[in-house]
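Reading through the structure tokens given below for one structure.
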Amino acid sequence: MNKDKQTIDPWESALAFHHRGQLAEAEAQYWKMLLDQSDNVELLCNLGSALSGQQKFNQAITCYRRAIAIDPDSWRTHSNLGNAFKRLGKLDRAQASYLRAIAVDNNIALLHYRLGKILLQKGNSEKAAASLRKAIELQPDDINAFIALSAIEEMAEPGQGRKTLLEGIS
């Protein structure tokens, strides 16, 4: 039996750290790999995710923007960029990122939900409700979208929100 040290693949090592929540260690591995793979979109996105998880949103935004420059058709990357902007309180930029993600793939309920939540935060309850309805249309069992929509409807017409919520949990 060979007892030599096994070589650990850097990608697998970084992912293992990431999945265990050891984000600083994952980040360090991702940075090392970027030296040789600076155009690797998946690597840039994973680094962005590790940075976001450590509240390093500006650095994450840089990674997501680089990934988008390489592959502008990734709805996930646009969505992650929107999440980072949202965490920084840059709601207009978050909204724009979610809209770009929806332009790439209009059939992802999560994107419509996130857009609806941003629109609600910005005070545009009518557009927020439309976006949340689209999320529910795409994923009828999305209780979070039903809850958000019911809150909007309850403010507009007392009693209506309760009906929407009951529809969502039935």
Helix 125-138 sits at what angle to the longest principal axis of the chain, using alpha carbons and giving 0 to 90 degrees rounded to 10? 70 degrees
Provide the per-residue ³J(HN,Hα) series for region 38-44, in order, calculated from phi with Karplus coefficients 6.51, -1.76, 1.60 and θ = phi - 60°, each as a whole number of Hz, with x at glycine and proline positions. 5, 9, 7, 4, 4, 5, 4
Scalar couplings 3J(HN,Hα) for region 91-102 by Karplus 6.51 cos²θ - 1.76 cosθ + 1.60 (θ = phi - 60°), nearest whole Hz, x for Gly and Pro, are 5, 4, 5, 4, 4, 4, 5, 5, 5, 5, 4, 5
Links that overshoot a 27 Å alpha carbon limit, given the list Lys56/Lys134; Lys32/Lys56; Lys90/Lys127: Lys56/Lys134
Once you keep just the Cα pairs under 8 angstrom separated by 6 or more residues, what percentage relative contact order results for region 78-131? 28 percent
State the label only: which of (i) 13.0; (ii) 14.0; (iii) 10.4 corresponds to mean projected area of the Cα convex hull in nm² computed from the shown model? (i)
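Compare the peptides 50-56, 112-118, 33-39, 11-17 by average per-residue count of other Cβ atoms within 10 angstrom and give them in order, highest first. The partial results should precede the final answer.
Working: 50-56: 18.4, 112-118: 24.6, 33-39: 12.6, 11-17: 16.4.
For the peptides 50-56, 112-118, 33-39, 11-17, the packing ranking is 112-118, 50-56, 11-17, 33-39.
Kindly state, to the nearest 0.05, the FRET efficiency for Leu35 paired with Gln55, given R0 = 30 Å and r defined as their beta-carbon distance.
Values: r = 25 Å, r/R0 = 0.82.
According to the calculation, E is roughly 0.75.
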Assigning unit charges at the beta carbon (Lys, Arg +1; Asp, Glu -1) and nothing else, what dipole magnitude in debye, to the nearest 20, does region 61-134 show about its Cα centre? 260 debye
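Rule-based calculations on the coordinates, nothing more; no lab input. Remember, predicted model here, so these are calculated numbers, not experimental data. So basically every Cβ, Gly included, is an ideal-geometry build from the backbone, and we count neighbours across all protein chains shown.
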